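J.: If you scroll down you'll find the structure; I have some questions about it.
The values are calculated or read from the model by the stated rules, or taken from the named source; none is laboratory data. On a predicted model such as this, the values are computed, not experimentally measured, just so you know. Backbone-built Cβ (ideal geometry, glycine too); neighbour counts: all protein chains shown. Ligands, DNA and RNA are stripped out before the accessible areas are found, and what is left, the full protein with its side chains, is counted by its heavy atoms. Shrake-Rupley method; radii C 1.70, N 1.55, O 1.52, S 1.80 Å.
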Amino acid sequence: MTNFENVNPLSDFNWDDFENGSTVGGDKNELTQAYDNTLNKIQEHQVVEGEVTSIDKKEVIVNIGYKSDGIIPASEFRYNPELKVGDKVEVYVENQEDKGGQLILSHKKARLQKSWENINEALEADAVIQGYIKSRTKGGMIVDVFGIEAFLPGSQIDVHPIRDYDVFVGKTMEFKVVKINQEFRNVVVSHKALIEAELEAQRKEIISHLEKGQILEGVVKNITSYGVFVDLGGVDGLIHITDLSWGRINDPHEVVELDQKVNVVILDFDEDKKRIALGLKQLAPHPWDALDANLKVGDHVKGKVVVMADYGAFVEIQPGVEGLIHVSEMSWSQHLRSAQEFMKAGDEVEAVVLTLDRDERKMSLGIKQLREDPWEAIEAKYPVGSKHVAKVRNFTNFGIFVELEEGVDGLIHISDLSWTKKVKHPSEFTQAGADIDVVVLEIDKENRRLSLGHKQLETNPWDTYESIYTPGSTHIGKITESMDKGAVITLNEGGEGFATPKHLVKEDGSQAQLGEELPFVVIEFVKDTKRIILSHSRTFEEVKEEQPRRQRTAPKKHAESATQINNVAAGTSLGDLGVLADLKKKMEESK
């Protein structure tokens, strides 16, 4: 029970003003202003510190010294299960007063804004911060830094290539902020940047002690198609694929594997560019030093084709020892061909040693030498006058190149294709790849060439034409070709002749046309040049020339006839007059 004995009433309390709503002890507005001055001055969208006054399952009440407390969803404090009444927390003022007059605060946004400020400060100061690797993503990892998700590229996790990203998930590591996109609020962090400075110092120390020819131990850290990267203890060197083995290899995995310890020799290094060239094969004896000392030119060897090129094939006769078979040493044929027509990579072949230079470590080989050179006994196999079937290889303006067998070529000159037909180009006569009958005319062993003929397989028809086409004789022919300077006439007895335009004029004055069949007189026949000159005009011009001669001889004939008539008349009777009438008729007809 409350004791009111010591409570004294105010002597100046005005009960009338109290009942009318008036303030006690002064003006109401003044008192309101005085009350407001005791509260914090806050603005919306700023971060302030407040004190937790109440906590339940749904809400956390925070006092920021404003006229009302703010309410924050309890879910925003899940990260801090130890939160209790009286703790100081940062909050973000979203709204001073909502429709219900309630102050709206957010702890999550306050943390986010504060985190963003911390991240920017870390970038400016090049500071080391801690982050928690939450998960793996394409190309790297997601890291929680100050409550913000940042991206950690795979290349920035370590100085060494990472083969298993999953082992880093769930780890807390130190990072540096390397990039911020203010517009999209993207953050990129790096762990590699922390150790690069230290490694750079180690690298300079190691490079300063390097010497060419020095042998070091290293660990294979990465294998590429062109070589192997080796960690020499803080600095990397590259073994190019050509320096892995004396023999040819297609993939460095054939020689080394990841994390393998290897001894390497320093071939070269560049302090400025920090490049170190290493060698592995140089630590083993050169295979040429182990080559059989008795091997010499002319010996037969066996090996495997390791590399093919258009100009030849490289054959490995023992690991690290190769010889080149040039395409010209693959066949006795002189035609340019590709080496791929004779062999392919992986083939096991036998060859003959053509040259051997142990000092230069070079060797040339040949496979055509395994077969007899067809030109050694060319006179016996292809004597002059012998007949054969050849394959047409190609054409030139002056003839046809043919092959009788691989390595034995010959030429049929255009003039030796036909006795009668005038061939303008050899391609009119046959086609590439076709077979053609030939006879050997001449052998040029030194230049490895045969002169061949095709027309010589038949009898020369000009021997017969000489007796047929005598000058002045008349023959029937057909105009088969027409040109400005004349026409070609194919004669019925065989062969072709030529007539100039003036000898192609017909009796009616018109010009003979292509395809017409007419009689022609032989003007000239030359067997050596195979020339027959013809004329159609002469066939009717000669008849006209004969008529005046007949007219000049007609009076004599008339006198003879008259005498004959007189003689007959002198000894005839009237019964013979019919005979005279017939003779007179013949005279008139002759006139």
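J.: Taking amide H positions as placed in the peptide plane 1.01 Å from N, state which residues far from Gln334 in sequence (5 or more) or on other chains have amide H under 5 Å from it.
T.: Amide H to amide H, under 5 Å and 5 or more residues apart or across chains, Gln334 pairs with Gly407.
J.: Using a 1.4 angstrom probe on the protein heavy atoms only, could you order Arg78, Arg361, Arg448 from most to least accessible area?
T.: Arg78, Arg361, Arg448
J.: Below 16 Å, Cα to Cα, which aspartates and glutamates can Lys138 reach? Residues fewer than 8 away in the same chain don't count.
T.: Within the straight-line limit of under 16 Å, Lys138 reaches these aspartates and glutamates: Glu149, Asp164, Asp166.
J.: Still on this structure, please answer the following. Hey, any idea what % of the stretch 386-507's accessible area is carbon plus sulfur with a 1.4 Å probe?
T.: Carbon and sulfur together cover 47 percent of it.
J.: Counting only protein heavy atoms and using a 1.4 Å probe, what share of the accessible area of the stretch 62-145 belongs to carbon plus sulfur, as a whole percent?
T.: Accessible surface attributable to carbon and sulfur in the stretch 62-145 totals 45 percent.
J.: Something else about it: Using a 1.4 angstrom probe and counting only protein chains, how large is the accessible area of Glu541 in Å², to 10?
T.: It works out to around 80 Å².
J.: Using only protein heavy atoms and a 1.4 Å probe, report how much of Met308 is accessible, in Å² to the nearest 10.
T.: 50
J.: Over 10 Å intervals from 0, what percent of Cα-Cα pairs in the stretch 173-287 sits in each interval?
T.: 13, 37, 26, 15, 7, 1, 0
J.: Same structure again: Between Thr459 and Thr224, what's the calculated FRET efficiency when r is the beta-carbon distance and R0 is 56 Å? Round to 0.05.
T.: Result of the calculation: an efficiency of 0.15.
J.: Rounded to the nearest whole Å², what accessible area per residue is found for the stretch 424-467 with the 1.4 Å probe?
T.: Accessible surface, normalised per residue, equals 59 Å².
J.: Follow-up question, since we're still on this one. From largest accessible area down, sort His240, His335; use a 1.4 Å probe on the protein chains. Working shown, then result.
T.: Numbers: His240 75, His335 50 Å².
The ordering from most to least exposed comes out as His240, His335.
J.: Can you give the accessible area per residue of the stretch 167-208, in Å², using a 1.4 Å probe?
T.: 62
J.: Something else now. Within the stretch 111-216, list the trypsin sites (Lys or Arg not before Pro) lying in a DSSP loop whose Cβ has at most 16 other Cβ atoms in a 10 Å radius. If you can, show how the numbers build up before the last one.
T.: On the way: sites: Arg111, Lys114, Lys134, Arg136, Lys138, Arg163, Lys171, Lys176, Lys179, Arg185, Lys192, Arg203, Lys204, Lys212; in loops: Lys138, Arg163, Lys171, Arg185, Lys212.
Hits after loop and neighbour filter: Lys138, Arg163, Lys171, Arg185, Lys212.
J.: Per residue, what volume in Å³ does the convex hull of the Cα atoms of the stretch 289-444 enclose?
T.: Hull volume normalised by residue count: 134 Å³.
J.: Starting from the amide H of Leu105, placed 1.01 Å from N in the peptide plane, find each other amide H under 5 Å away whose residue is 5 or more places distant or on another chain.
T.: Sorted by chain and number, the residues that satisfy this are Ile71, Glu94.
J.: Ignoring ligands, DNA and RNA, please state the percent of accessible area on the stretch 254-380 from carbon and sulfur, probe 1.4 Å.
T.: On the way: 3450 of 7250 Å².
Summing carbon and sulfur atoms, their accessible area is 48 percent of the total for the stretch 254-380.
J.: Taking 0.36 nm per residue of sequence separation and subtracting the Cα-Cα distance, how much length would be gained by fully extending the chain between Ser415 and His240, in nm to one decimal?
T.: Result for the pair: 56.8 nm of gain on full extension.
J.: List nothing, just return the count: lysine pairs in the stretch 175-223, 8 or more apart or interchain, with Cα separation under 27 Å.
T.: Final tally of qualifying lysine pairs is 9.
J.: Please identify the trypsin sites (Lys or Arg not before Pro) of the stretch 220-315 that satisfy two criteria: DSSP loop assignment and at most 11 other Cβ atoms within 10 Å. Which are they? Kindly include the intermediate steps, with their values, before the conclusion.
T.: Values: sites: Lys221, Arg248, Lys261, Lys273, Lys274, Arg275, Lys281, Lys296, Lys302, Lys304; in loops: Arg248, Lys273, Lys274, Lys296.
Hits after loop and neighbour filter: Lys273, Lys296.
J.: Follow-up question, since we're still on this one. In Å², what does the accessible area per residue of the stretch 250-358 work out to with a 1.4 Å probe?
T.: Ligands and nucleic acids excluded, the result is 57 Å² per residue.
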